[in-house]
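Below is one structure, written out as structure tokens; the observations come after it.
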Amino acid sequence: MPNINDVFPSKYIDKEVVKTKGRIRAVIDFVAVEEVGVNREKKPVMHFKKTEKCLIMNKSNSLAVAEVLGQDYSKWDGHTVELTFDPRVEFQGKRVGGIRLDVPDDELAKLNSSQPGKSADTGSTGKGTDACLEEDLNDSIPF
């Protein structure tokens, strides 16, 4: 069946492709800040192994991955992520749907096994979420 996207190919992963294919697993090759779009705005672009297609990162996806893999995106290489379509994604106040990134459970398990004292649901201190929240709330406030 003819498809207009075949006539005008893009180097970027499109939300419609992810919507059609469902959950897509991909291994990060590297992340680079590139000029994208008509306005040539600088944004992080995630490149994947085994494909020439890449993903322009928005703030939500960048922060979601950074929460698990760390703030230094030069160290994300080789980690697996999952791309999914989320119909609730908004752009300029309208629901348009979009791509969301997540780190799959098996990748979390690998990360946690390589970091003693850290488990998937407790954060870096090895204490439960309530303990971390309690510590945060009990910080002294100088006023």
Listed by first then second residue, the pairs whose first member lies in the range 39-50 and is within 18 Å of N61 (Cβ to Cβ), whose partner is among the polar types (S, T, N, Q) and surrounded by 10 or more Cβ atoms within 10 Å (Cβ to Cβ), with beta carbons under 7 Å and at least 6 positions apart or on separate chains, are P44/S62
Here the residues within the range 1-17 that are at pLDDT 80 or above, over 20 Å from V89 (Cβ atoms) and assigned to a helix (DSSP H, G or I) are V7
Does the range 75-113 hold any residues that are among the polar types (S, T, N, Q) and either open to solvent by 70 Å² or more (accessible area, probe 1.4 Å) or free of Cβ contacts under 8 Å to residues at least 12 places away in the same chain (or both), and which are they?
Q92, N112, S113
Which listed residue, of V27, V68, is in contact with a strand residue (DSSP E or B) (Cβ under 8 Å, 6 or more places away or on another chain), of a type in the set (A, V, I, L, M) and either in a strand (DSSP E or B) or open to solvent by 40 Å² or more (accessible area, probe 1.4 Å) (or both):
V27
Looking at the range 120-130, can you tell me whether even one residue there is at pLDDT below 95, touching a strand residue (DSSP E or B) at 6+ places or on another chain (Cβ under 8 Å) and surrounded by 15 or more Cβ atoms within 10 Å (Cβ to Cβ)?
no
Starting from the range 1-28, take each residue that is under 27 Å from L69 (Cβ atoms) and list its partners that are of a type in the set (D, E) and assigned to a loop (DSSP other than H, G, I, E, B), counting only C-beta distances under 7 angstrom and pairs at least six apart or across chains.
K11/E52; I28/D77
Starting from residues that are under 10 Å from K53 (Cβ atoms) and aliphatic (A, V, I, L, M), keep the ones in the range 1-23 and report whichever is most open to solvent (accessible area, probe 1.4 Å).
V17
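The values are calculated or read from the model by the stated rules, or taken from the named source; none is laboratory data. Predicted model only: the values in this text are computed from it and were never measured. Positions of Cβ are generated from backbone atoms using ideal geometry, with glycine treated the same way; all protein chains shown enter the neighbour counts. For accessibility, only protein heavy atoms count, side chains too; no ligands or nucleic acids. Shrake-Rupley method; radii C 1.70, N 1.55, O 1.52, S 1.80 Å.
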